[in-house]
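Here is the structure we will look at.
The values are calculated or read from the model by the stated rules, or taken from the named source; none is laboratory data. Please read these numbers as outputs of a predicted model, since none were measured by experiment. Using ideal geometry, Cβ is built from the backbone for each residue, glycine included, and neighbour counts are taken over all protein chains shown.
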Amino acid sequence: MKQIYFNQSKPPRFAKVTKAATFGLTKTFPKLSARLAIKVFCNPHSRRQYDFRTNIQPINIKLNTQLGAINLYYFSQEGNSKTVFLSHGWADSTNRFTALINELIEKGFNVYSIDHIGHGYSHGKVSHLYGYMQGLTAAFNYFDEQNILIDRVVTHSMGGVALLNLDSSFLNEQKNSDDFCPCANF
């Protein structure tokens, strides 16, 4: 990583050619360049079909956003009293949290987990920070409407960035918020 950001030597020839090609494309064909950028940088290439490998199958709650429907999954076991909300990172889905969900349920927590726009079984093929923020807003509004108290919010990567960009009023009641990289089955 240090070499990428702090390397003082000349850039490789490939970098120069790439920069010249993208600059030329942008100046010559701006609309094509914009479409290509959306396709390359806003497509998470997330696996869209998967089976839940969790010990308990979730209840699927569909929530609407301006960009389409998202899936909010609820994992619960009788007797569990506290609730955790999980938000995945780029090109992931709720499936990435399988081991964590199983552990949390075993430890007495109910779990809500979101599949953001363009990820998992949620709507769309394109995603971006604004889409993540809309999904989180829809989830927090749902929790407020249903009087669900979230004891902890756990995010990974882009899910954490989106959370930090939300209006602070969404986190006033939250006790803890963690951003981490889950060690799950890759």
Ser127 - would you say it is touching a Pro at 6+ places or on another chain (Cβ under 8 Å) and either at pLDDT below 95 or among the basic types (Lys, Arg) (or both)? yes
Residue satisfying all of: in segment 40-87; of a type outside the set (S, T, N, Q), under 14 Å from the mean Cα position of the chain (by Cα) and modelled with pLDDT of 95 or more; surrounded by the most Cβ atoms within 10 Å (Cβ to Cβ) among these: Ile70
So in segment 120-163, with the set limited to residues that are buried (at least 20 other Cβ atoms within 10 Å of the Cβ), polar (S, T, N, Q) and part of a loop (DSSP other than H, G, I, E, B), which one is nearest to the chain's Cα centre (by Cα)? Ser127
Looking only at segment 18-39, filter to residues that are among the aliphatic types (A, V, I, L, M) and under 28 Å from the mean Cα position of the chain (by Cα); which one of those is nearest to Ile70 (Cα to Cα)? Ile38
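Going by the structure shown, is Ala91 under 28 Å from Asp167 (Cα atoms), aliphatic (A, V, I, L, M) and in the same structural domain as Gly159 (by the TED database)?
yes
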Taking Thr54, is it farther than 30 Å from Val111 by Cα and either of a type in the set (S, T, N, Q) or assigned by the TED database to the domain that holds Asn80 (or both)? no
Of (1) farther than 14 Å from His119 by Cα; (2) touching a residue at least 60 places away in the same chain (Cβ under 8 Å); (3) not assigned by the TED database to the domain that holds Val126, Ala37 satisfies all except one. Which? (2)
Consider only pairs whose beta carbons are under 9 Å apart and that are at least six residues apart or on different chains; among these, list those whose first residue lies in segment 137-161 and is in the same structural domain as Thr83 (by the TED database) and whose second residue is assigned to a helix (DSSP H, G or I) and basic (Lys, Arg). His156/Arg96
